[in-house]
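Take this structure first; my questions come after.
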Amino acid sequence: MVCYAVPLVGAVVCHIWRKSAHKLDPKYLWLNLMLLGGAIFGVVDHLWNGELFLIGNNIGMDLALGLAITLTILATWSLLVKFPALSVQETKAI
């Protein structure tokens, strides 16, 4: 039940890396926010179901789910960075 821990650790590592490497590019901020959003979603889901600090019978499967969530976030972020037209619609002033 600790699947939210993997994106949370990813968000913390990304934040520390951004600050130490002085990565001011907004795309790294997007990644950080997406990872944090995935972790917050997991915390809210587990809190809602009353399982916030429970560890399931198979911690490996819980961590594998967290890894799948994190990899999905990374894949989505990669697509948004590679194809910026997917994430930003520019409008022209009339």
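How many residues are over 12 Å from the mean Cα position of the chain (by Cα), touching a residue at least 60 places away in the same chain (Cβ under 8 Å) and surrounded by fewer than 18 Cβ atoms within 10 Å (Cβ to Cβ) if we restrict to segment 2-37?
0
Condition check ((1) exposed (fewer than 13 other Cβ atoms within 10 Å of the Cβ); (2) in contact with a Leu (Cβ under 7 Å, 6 or more places away or on another chain); (3) at pLDDT 90 or above; (4) not in a helix (DSSP H, G or I)) across all residues:
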site	(1), (2), (3), (4)
A39	no, yes, yes, no
G50	yes, no, no, yes
I55	yes, no, no, yes
D62	no, no, no, no
A68	yes, no, yes, no
T76	no, no, yes, no
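Please work out if V9 is under 23 Å from W77 (Cβ atoms), assigned to a loop (DSSP other than H, G, I, E, B) and out of contact with any Gly (no Cβ under 6 Å at 6 or more places or on another chain).
Working: under 23 Å from W77 (Cβ atoms): yes; assigned to a loop (DSSP other than H, G, I, E, B): no; out of contact with any Gly (no Cβ under 6 Å at 6 or more places or on another chain): yes.
Against the criterion (under 23 Å from W77 (Cβ atoms), assigned to a loop (DSSP other than H, G, I, E, B) and out of contact with any Gly (no Cβ under 6 Å at 6 or more places or on another chain)), V9 does not qualify.
Among A85, A75, A68, which is the only one that is in contact with a Cys (Cβ under 9 Å, 6 or more places away or on another chain) and free of Cβ contacts under 8 Å to residues at least 40 places away in the same chain? Can you show your working first?
Numbers: A85 fails: in contact with a Cys (Cβ under 9 Å, 6 or more places away or on another chain); A75 fails: in contact with a Cys (Cβ under 9 Å, 6 or more places away or on another chain).
The unique qualifying residue is A68.
The values are calculated or read from the model by the stated rules, or taken from the named source; none is laboratory data. Bear in mind that the values here come from a model prediction, so they are computed numbers and not experimental data. Here the Cβ is made from the backbone with ideal geometry for all residues, glycine too, and neighbour counts use every protein chain on show.
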